[in-house]
Structures are given as structure tokens and as C-alpha cells.
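Read-outs: derived from the displayed coordinates by stated rules, not from any lab. Not measured: the values here are computed from a predicted model. Cβ placement follows ideal geometry from the backbone for every residue including glycine, while neighbour counts extend to all protein chains displayed.
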DNA sequence: GGTCTACTTTACGTTAACGTAAACCTGATC
DNA sequence: GATCAGGTTTACGTTAACGTAAAGTAGACC
């Protein structure tokens, strides 16, 4: 499942600019994923943590990226697609005209997909409404029957 | 990707009750999937076509189920989850109280997931807005520069 | 009756997204 | 200085959702 109501894990915002850093374990706990997952996302080019000696140090930028990544996943995007969006996000203002136009094309695609998703959700919600009301009805029927019997 | 703007393939509705049937190939073309995919969905318990001799015959019920399945996939649900919903859909009114209550629980879960998705889409759309405006800005900058040079 | 075309089963291959296990390093603590 | 928690790399394993190829069948047409 698109990972239902995520515990809305979020970092404490000490003032406007929280300059704190995270170990991989901290970040993992914060978003309820495993360290392995975080390393894998790095390997796939979604994160680029600092290195202090051998160990990774994550900054707010990485935390935001990870958040975006998990949001994308909940919507069924692949990691490759999410990386695409992240690169758009980071390199939007530079590049030549052809690149910029290509970006706008990709953006239009993502938008269309999300529009489709909105529509899909709308329809599915109605269908769930339907099932639920039928469920409630038979439940009440059972209850009435028990009251009589 | 959640399969962007699907060509909104849909069957002709000859009157209210279209009693026509479909071969696997027809159904596949209608929704732009392969026959293999349709057989796989059957194997996973999502479809139950009639058999005429060896070959499968699909009715409107199957078409609706397939449509629901693809909608679920666009939202990132797994086939197992979709099967769960389909079974809810088909067996909502029967079963004892415990089963009905369990159904309502599952329904609540799906609802929560979809609420989360709505929120995710809202946020992502804003982020895409941001990227796009930055894109447009640098594009205009390039154009102005060219006009001068 | 041969030849298409579209169906069928069986079975192995593939890709994405991690899980899991082994073997190692490293700073803190008893 | 041993131990331990938490970090690291390397590498193989696993699951979902199909793709693909081989080999057979069954009706339509020339």
C-alpha cells in the first residue's frame, strides 16, 4: 500500500534555519525506514550526504530530499522518476534552452499523471463509499435481527 | 510512473446493459495492456473469466474489474491490496458481524491512505509549480538576452 | 487440407527495491 | 584494553509484476 498515514515524522525546527545534522540511524528513525534504504537511495543518486571520514553526515537538504522521495513513493512513482524530479528541482535555472524546454515537458507529464491520480482517487472514494454503506446496512440488519430473536 | 493520462479506453455502451463479451485480445487492446498481464491478473485472483472450451470469455463484470485494477495500480496499490478491495466489493453484504467489522476496518485504512495521497499530491503540485516558474524565468532570461545580443 | 491468426499452457528470464548476512572499523565506556 | 553500539562495504537473496520464448490447439479461409 502507499504506506497509509505516515506518523508525520518531522524534524524539530529550531528557529527558521535548523543547522543540525543527522546520522544515518537518526534519519532512518525519523522517517521509519531502514539505514539500508537510505544507502540504497544514495546509490540511486537521490541523496548525496557529506562524508566525515568513513561515516555519512546528513544535512537538512538531505532530509528534505528523503521526504520528497518518500512522498513520491507513496504516490507510486519509481525511484528513477523521483530522481528526475529532484534533478529538475536542483538544476531548474541552469542549462540551455533545449534543456529547459525538456524540463517543462517532463513537468507537464508529471502534472498530467497527478491529475489522473486525483481523478482515480475521486472515483475510488465513491466506490469505497458504496461498499461501506452496503456493509453498514448488513451490519444493521444483523443487529435488528438479534434484537428480535 | 502511475501511467499518466491513459487513453481513457472504454467500451461502447450500447444502451444501459451492454451484454457483449470480449476475447482476451480485445480486452487487452481496450486497456492497452498485454494478454499476458490479463492472464496474470486472473492467476492472482483478480479476474474470473468464463471458459468456452479452452479459451477465455470476458464479460462486462471482468471489464469493470480490470478497470478497477488498473486504477488501483496507477495509485500505487499492489495487486494483493486491489484484490482485497475487489473482494470487499463483491462480498460486502454477506458474512458475519466479525467479518463485516473487519471490512470496515480495511475500508478505513484504504481511506486513510487515499487521504494521505491527496495531501501528497497537493504538496507535490506546489513543488512542481515552483520548479516550473523558475524554469520559465530562466527561459525568459535567455530570450531577452538573445534579443539584446 | 494447408495455412493463417489468435488463442492456450509451461516455464524460465528480468527489473525494481530493497532485505539479510558476513566481516570490518571506530569512538565511547567500563 | 575488552566490549559494545552504531557505523561501513560487499555480496548474495527475495518479492512483485510481469516479459518472452517454445510448443501445442482450434476455428476461418482459400
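Residues that are crowded, with 18+ Cβ neighbours inside 10 Å and within 8 Å of DNA strand D (Cβ to nearest atom) within region A:39-66 comprise A:49, A:56, listed in sequence order. Of the residues that make up region A:73-80, is at least one assigned to a helix (DSSP H, G or I), over 15 Å from residue B:125 (Cα atoms) and free of Cβ contacts under 8 Å to residues at least 60 places away in the same chain? Yes. For region A:42-66, a tally of residues being within 16 Å of DNA strand C (Cβ to nearest atom), in contact with a helix residue (DSSP H, G or I) (Cβ under 7 Å, 6 or more places away or on another chain) and part of a helix (DSSP H, G or I) returns 2. Taken over region A:92-102, the residue count meeting the criterion of being within 7 Å of another protein chain (Cβ to nearest Cβ) and surrounded by 13 or more Cβ atoms within 10 Å (Cβ to Cβ) is 3.
Could you grab me the full set of residues in region A:88-99 that are assigned to a helix (DSSP H, G or I) and over 24 Å from residue B:122 (Cα atoms)? Let's see the steps before the verdict.
Kept after step one, since they are assigned to a helix (DSSP H, G or I), are these residues of region A:88-99: A:88-91, A:97-99.
Scanning region A:88-99 gives A:97, A:98, A:99.
Per this entry, residue A:136 is not counted among residues that are without any contact (Cβ under 8 Å) to a residue 12 or more places away in the chain, crowded, with 17+ Cβ neighbours inside 10 Å and part of a helix (DSSP H, G or I). Output the residue which, of all residues in region A:103-118 that are more than 7 Å from chain B (Cβ to nearest Cβ) and surrounded by fewer than 14 Cβ atoms within 10 Å (Cβ to Cβ), is farthest from the chain's Cα centre (by Cα). The residue in question is A:105.
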